[in-house]
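Participant: Pasting a structure here, questions to come.
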Amino acid sequence: MRLADAAATEALGAALAKDCPGSACIHLHGELGAGKTTLVRGFLQAMGHEGAVRSPTYTLIEPYETFAGKFFHLDLYRLSDPEELEFIGLRDWVDEGVLLIEWPEQAAGVVPVADIDVVLRVEGSALEATLTYFPKI
């Protein structure tokens, strides 16, 4: 689908939130500035978060808790060793809430497999989003 602007990207995040189960893993792919954090902002706002949503590029993880549950926003762009995720408690969060993981390829084999995979591509002045759902059997 084509997303004309940041508002459309936030709206896509909100739409994802409506159908998201209480524990899920969402992988977010795209180049720098493609809108991954903007999509997460829309998702979290739809789940009741009212504050700022920043990319956790330097902190690695930003936890959120709302009336709808717990959410963990990870940005793995600067991750130097995927095993760091084990030390900060990744396995504990998997069943606690929703993981929204930017740059999951930086920790392939360590992060949980995606329930939803989102690819954002800049196409001229618009953004193209491709979503793939992986239903649990």
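The values are calculated or read from the model by the stated rules, or taken from the named source; none is laboratory data. Worth saying up front: this structure is predicted, and the values here are computed from it rather than measured. FYI the Cβ positions are ideal-geometry reconstructions off the backbone, even for glycines, and counts take in every protein chain you see. With ligands, DNA and RNA removed, areas are computed over all heavy atoms of the protein, side chains included. Shrake-Rupley method; radii C 1.70, N 1.55, O 1.52, S 1.80 Å.
Participant: Considering the range 64-96 alone, what residues qualify as being touching a strand residue (DSSP E or B) at 6+ places or on another chain (Cβ under 6 Å) and either touching a residue at least 24 places away in the same chain (Cβ under 8 Å) or in a helix (DSSP H, G or I) (or both)?
Facilitator: Scanning the range 64-96 gives Gly69, Lys70, Phe71, Phe72, His73, Leu74, Asp75, Trp93, Glu96.
Participant: Give me the pairs, please: first residue somewhere in the range 37-56 and open to solvent by less than 30 Å² (accessible area, probe 1.4 Å), second residue anywhere and modelled with pLDDT of 95 or more and among the basic types (Lys, Arg), beta-carbon distance under 8 Å, and either six or more positions apart or on two chains.
Facilitator: Val53/Arg41
Participant: Within the range 94-111, can you find the residues that are open to solvent by 30 Å² or more (accessible area, probe 1.4 Å) and on the phi < 0 side of the Ramachandran plot?
Facilitator: Val94, Asp95, Glu96, Glu105, Gln106, Ala108
Participant: May I ask you to list the residues in the range 113-131 that are under 15 Å from Ala24 (Cα atoms), assigned to a loop (DSSP other than H, G, I, E, B) and open to solvent by 30 Å² or more (accessible area, probe 1.4 Å)?
Facilitator: Listed by number, the list holds a single entry, Val113.
Participant: Which of the residues spanning the range 65-88 are open to solvent by 20 Å² or more (accessible area, probe 1.4 Å), of a type in the set (Phe, Trp, Tyr) and farther than 18 Å from Gly109 by Cβ?
Facilitator: Within the range 65-88, Phe67 is the sole residue that qualifies.
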